[in-house]
1. Tell me the residue from R110, R17, R85 that is out of contact with any Asp or Glu (no Cβ under 8 Å at 6 or more places or on another chain) and either in a loop (DSSP other than H, G, I, E, B) or among the polar types (S, T, N, Q) (or both), please.
2. Out of the residues in segment 88-107 that are assigned to a loop (DSSP other than H, G, I, E, B) and β-branched (V, I, T), which is surrounded by the most Cβ atoms within 10 Å (Cβ to Cβ)?
3. Considering each residue of segment 65-78, count those that are surrounded by 13 or more Cβ atoms within 10 Å (Cβ to Cβ) and at pLDDT 95 or above, and give that number.
4. Is there a residue being within 17 Å of M111 (Cβ to Cβ), in contact with a Lys or Arg (Cβ under 6 Å, 6 or more places away or on another chain) and either surrounded by 13 or more Cβ atoms within 10 Å (Cβ to Cβ) or among the hydroxyl-bearing types (S, T, Y) (or both) anywhere in segment 28-40?
5. May I ask you to list pairs of residues, at least six apart or on different chains, whose Cβ atoms are under 9 Å apart, with the first in segment 54-82 being polar (S, T, N, Q) and the second being in a helix (DSSP H, G or I) and exposed (fewer than 13 other Cβ atoms within 10 Å of the Cβ)?
Amino acid sequence: MLVYKIFRPAEWDKLQRDGATDGAPIDVSDGYIHLSNAEQTPETLSKHFAGAEGLILCAVETDTLGDALKWEPSRGGALFPHLYRRMELGDIRWHAPIGHDGTRHVLPDRMA
């Protein structure tokens, strides 16, 4: 199963440069990296990235994350994937830019 991480441009650049990341400031503050499944990703975009451009969507295979991946209740009790270790560049199965049409985000076709 794939789960997804959304990166702002500077966060994506840092991951590419360093080869690993502790995530965005909210991830560091919470002590884990926030991920979303395919159904949760659009809401995550609208709630936490409204109007942001230049975003990168990264797909990660859950089977490769082992015990560091925990599914925990969040919004309204829904289970969200949380990664309790650094995310490494090698964890990413594929990545693609998230479009923005001036009104809303447009997810990559490969998510369909």
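The values are calculated or read from the model by the stated rules, or taken from the named source; none is laboratory data. From a predicted model like this one, the values you see are computed outputs, not experimental measurements. FYI the Cβ positions are ideal-geometry reconstructions off the backbone, even for glycines, and counts take in every protein chain you see.
1. R85
2. This residue is I98.
3. So the count comes out to 5.
4. yes
5. Pairs that qualify, where the first residue is polar (S, T, N, Q) and the partner is in a helix (DSSP H, G or I) and exposed (fewer than 13 other Cβ atoms within 10 Å of the Cβ), are T64/G90.
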